[in-house]
1. Restricting to helices (runs of 4 or more DSSP H) lying wholly in region 323-431: which have 1 or more residues that are of a type in the set (A, V, I, L, M, F, W, C), exposed (fewer than 12 other Cβ atoms within 10 Å of the Cβ) and at pLDDT below 75?
2. Against the definition (under 16 Å from the mean Cα position of the chain (by Cα) and either acidic (Asp, Glu) or in a helix (DSSP H, G or I) (or both)), how does Leu269 come out, yes or no?
3. Return yes when Leu86 is open to solvent by 30 Å² or more (accessible area, probe 1.4 Å), assigned to a helix (DSSP H, G or I), closer than 18 Å to Ala22 by Cβ and of a type outside the set (D, E, K, R) and no when it is not.
4. Among the numbered criteria (1) buried (at least 22 other Cβ atoms within 10 Å of the Cβ); (2) modelled with pLDDT of 85 or more, which single criterion is violated by Gly282?
5. Among the listed residues Arg126, Arg153, identify the single one that is out of contact with any His (no Cβ under 9 Å at 6 or more places or on another chain), in contact (Cβ under 8 Å) with a residue 24 or more places away in the chain and assigned to a helix (DSSP H, G or I).
6. Determine, yes or no, whether Ser265 is among the small types (Gly, Ala, Ser) and closer than 24 Å to Ala239 by Cα.
7. From the list Thr58, Thr135, pick out the single residue that is within 23 Å of Val20 (Cβ to Cβ) and surrounded by 22 or more Cβ atoms within 10 Å (Cβ to Cβ).
8. Only one of these is within 27 Å of the chain's Cα centre (by Cα), hydrophobic (A, V, I, L, M, F, W, C), open to solvent by 40 Å² or more (accessible area, probe 1.4 Å) and farther than 25 Å from Phe15 by Cα: Leu208, Leu170, Leu145. Name it.
Amino acid sequence: MFIPLNFLLLPAAFFVSLAVCAFSALILLHPRISLSFVRIHVGLCGLPPLVALLSLVTNHGNGMFGPWRFDPLAWLTVLFVLTIGLIVQRYSVRYLLGDRHYRKYFALLTLTTGAVSVAWSSNDLRLLLACWGATLLGLTLLIGLNREWQVARTAAVLSGRLYALSWLVLLTALTWLAQVTGHWQLSLVFAKGGLAHLGSWERTGICLLLIVAVAIPAAQWPFQRWLLDSVVAPTPVSAVMHAGLVNAGGILLTRFAPLFNGGLSQVFLMVLSGISVLLGTGIILVQVDYKRQLVGSTIAQMGFMLIQCALGAYLAAIIHAVLHGLFKSALFLQAGSAIHHNQPKMGATPLSSFLWIMTGGVPGLLAGIGFWSIDNGGVYQWISALILVGSVWFAWIQLVAFGYGRIGRIAGISLLAGAAIVFGIVHDAFYGLLHETVRQGIEPPTSAVVLVLFLLLSSGAIGVWVSRRHSAPFAVLYLWLVRLGETHRDLVESHPKHLGFSLSQGGSKR
């Protein structure tokens, strides 16, 4: 069988460049290698994402390559994860300079992002399990990088236990799937008639196991504690974790989308994710620590992404995962400069602001109606249209209604128009890349969707009502959310011993 050279070239170049990065990371661990080699290592780490970008742009290298399956979704996820890793490593060259674990950090980060990129391009379920397990192990080691700090060691142990549970659940699900279908290759499992061997209870059981395996690394309720505890990790590690690894659930569920047939498992995923959205939003509102606010935002955003998967909108979930990762990594990397100054606001009068607020409903309704008329295709489009109405209205209030004078409102309207244009361009670009690889899934029963949506809206309304009343229920809710967003008591240390040790060592030298 003749295989085109342009197909073999890019996958081979990708694996060669990935091997070079891994070898460079191992060399960096040797104490006799100068620290200036870090810059060379970071430069080498730019080769794999460059190959992935070339594959996406030229549309070459798509197909089967041994136990790997390269398609636009695989190349996109590889490009996304390795680009985030490259940016964070470049940022860390000076940020972590002087840290005693400087070499180990770059080596672990390189190997972890490399392992997850291989996992998402795997066609063999055993290879996927091995690479995803290596990714979770690397993430655990990164969280506990500062071994001298008891808090970091405790956080790594707590996170590692949940990661191990997630991996074991995934192992059970994939082994069950392979035993029933008789194949370990993902393409053969989902080939024509491949799922015919699955009974309804077997399909439901495997899907529920996949959901649990996904919910743990995505920090969904009731497994959100590990992500709250992981704030003790270095900020660049948090950036990679929130940007390229936590949102892996959307990618994993998209790969196994043919298993979900709109039954009980998708309803279960919607309920689980809906609760996580409410809890994550509550943590954002009550926490004053910037990194904890970002953690609450991630919990809620991952809940929205998994709701998209539950509704069968896998393309939207992938777009959400990528854009959220880019946005959240930027927020973490600028966490050190997130200082809010109290400045007097020179806004408009209450009457004019109210009129501008009500005016914002018009572009919101137009945007929602326009989206519905273009993509009139089911429950997800209806919910998306409602969310779009609220989002445009909220953005109008923040950018236009509360703008500083005429110039501020003109700038706000210009920003909204620019955001709409960028949204259209990004949406069309993703659709052009992935429409043949990622297809619309089967929606759950409409009654279940309406019930979950009603619960979300009613819970939000109750929360708003309670928050506006200075009462005992408000105090109870507020304190419960504060406690929910706090870390485990073993992860709080008023006088870190490792800092005292460092100061005493420095004083003795001087």
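1. Working: elements: 350-359, 361-374, 379-396.
Counting at least 1 such residues, we get 350-359, 361-374.
2. Values: under 16 Å from the mean Cα position of the chain (by Cα): no; either acidic (Asp, Glu) or in a helix (DSSP H, G or I) (or both): yes.
Considered against the rule, which asks whether it is under 16 Å from the mean Cα position of the chain (by Cα) and either acidic (Asp, Glu) or in a helix (DSSP H, G or I) (or both), Leu269 comes out as no.
3. Values: open to solvent by 30 Å² or more (accessible area, probe 1.4 Å): yes; assigned to a helix (DSSP H, G or I): yes; closer than 18 Å to Ala22 by Cβ: yes; of a type outside the set (D, E, K, R): yes.
So Leu86 passes the test.
4. Against the list (1) buried (at least 22 other Cβ atoms within 10 Å of the Cβ); (2) modelled with pLDDT of 85 or more, Gly282 comes up short only on (2).
5. Values: Arg153 fails: in contact (Cβ under 8 Å) with a residue 24 or more places away in the chain.
Matching residue, one of Arg126, Arg153: Arg126.
6. Values: among the small types (Gly, Ala, Ser): yes; closer than 24 Å to Ala239 by Cα: no.
No; evaluated as a whole, the condition is false for this residue.
7. On the way: Thr58 fails: surrounded by 22 or more Cβ atoms within 10 Å (Cβ to Cβ).
Residue meeting the stated conditions: Thr135.
8. Working: Leu170 fails: open to solvent by 40 Å² or more (accessible area, probe 1.4 Å); Leu145 fails: open to solvent by 40 Å² or more (accessible area, probe 1.4 Å).
Answer to the selection: Leu208.
The values are calculated or read from the model by the stated rules, or taken from the named source; none is laboratory data. Please read all numbers here as calculations on a predicted model, not as lab measurements. Positions of Cβ are generated from backbone atoms using ideal geometry, with glycine treated the same way; all protein chains shown enter the neighbour counts. What goes into the accessible areas is simple: the full protein's heavy atoms, side chains included, and nothing from ligands, DNA or RNA. Shrake-Rupley method; radii C 1.70, N 1.55, O 1.52, S 1.80 Å.
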